[in-house]
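Read-outs throughout are calculated quantities, based only on the coordinates presented, and are distinct from any laboratory measurement. Bear in mind the structure is a predicted one, so any value in this text is a computation, not a measurement. Neighbour counts run over all protein chains shown; Cβ positions are idealised from the backbone, glycine included.
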Amino acid sequence: MQTTHLGKTSPLPQSPEQATLDYVPNPRQGKNYLIRFAIPEFTSLCPVTGQPDFAHLVIDYVPDKLIVESKSLKLFLGSFRNHRAFHEDCTVGIGEKLFTEMKAQWLRIGGYWYPRGGIPIDVFWQSGTPPQDLWLPEQGVPPYRGR
């Protein structure tokens, strides 16, 4: 198993396009189980004003042969700090990239964005129907009331 970041000094990528995600073998291949990443301090930039946008992301997935290595995921998500994109593009783009590269059985992402202009925007994407025998807990982020 060779990784780009694990056990090495890795600077924050300047953009999501420059970021490299590492994947490692699933240690429980053949079992349907859920992996969850909660990212309560995700940031990106508004593509129009350049002002910061903030979100609480929740990524749930059922792996197949690979799992994403968490340090590379942290660096990938951190690379959005200087990235200008709408909430929808960030949320769906992250989900699609992970699902496609990792070839997960199933993936969903919830982007719970804090208000801009007085309106919170929540964005949800999933790759399809989750496996039937999967325990799928709620994402646990309440509707906006001063999250």
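Note down the relative contact order for region 70-147 as a percent, whole number, built from C-alpha pairs under 8 angstrom at least six residues apart. List each step's numbers first, then the result.
Values: 65 pairs, mean separation 19.5, N = 78.
Dividing the mean separation by the residue count of region 70-147 yields 25 percent.
Think of the chain as having a plus end and a minus end, set by charges on the Cβ of Lys, Arg, Asp and Glu; of I109, I121, S70, S70 sits farthest toward the positive end of this dipole.
Full extension from T129 to E101: what is 0.36 nm times the residue separation minus their Cα-Cα distance, to one decimal in nm? Could you put the intermediate results ahead of the total?
On the way: separation 28, 0.36 × 28 = 10.08 nm, distance 1.87 nm.
Computed gain between T129 and E101 is 8.2 nm.
Across the chain, the mean sequence separation of Cα contacts (distance under 8 Å, 6 or more residues apart), normalised by length, yields a relative contact order of 25 percent. With Cβ to Cβ distances under 11 Å as the rule, what net charge do the other residues near Q139 carry (K, R +1; D, E -1)? Taking every other residue near Q139 into account, the sum is -1.
Charge tally for K74 (other residues, Cβ to Cβ under 15 Å; Lys, Arg +1; Asp, Glu -1): +2. Region 119-137 and region 14-37 have their alpha-carbon centroids 17 Å apart. This model, with +1 at the C-beta of Lys and Arg and -1 at the C-beta of Asp and Glu, gives region 23-126 a dipole about its Cα centre of some 340 debye. The helix-based estimate of mean residue ellipticity at 222 nm for the chain, built from -39,500 (n - 2.57) per DSSP H run of four or more residues and divided by its residue count, is -5500 deg cm²/dmol to the nearest 500.
Using a Förster radius of 30 Å, what is the FRET efficiency between F54 and R28 based on their Cβ-Cβ separation? Nearest 0.05, please.
Working: r = 34 Å, r/R0 = 1.13.
FRET efficiency, F54 to R28: 0.30.
What FRET efficiency would be calculated for the residue pair T3, R36, taking the C-beta separation as r and a Förster radius of 22 Å, to the nearest 0.05? Efficiency for this residue pair is about 0.55. Taking amide H positions as modeled 1.01 Å from N, with prolines and chain starts lacking one, no residue 5 or more places away or on another chain lies under 5 Å from A19. Using R0 = 22 Å, the C-beta based FRET efficiency linking I119 and S15 works out to 0.20.
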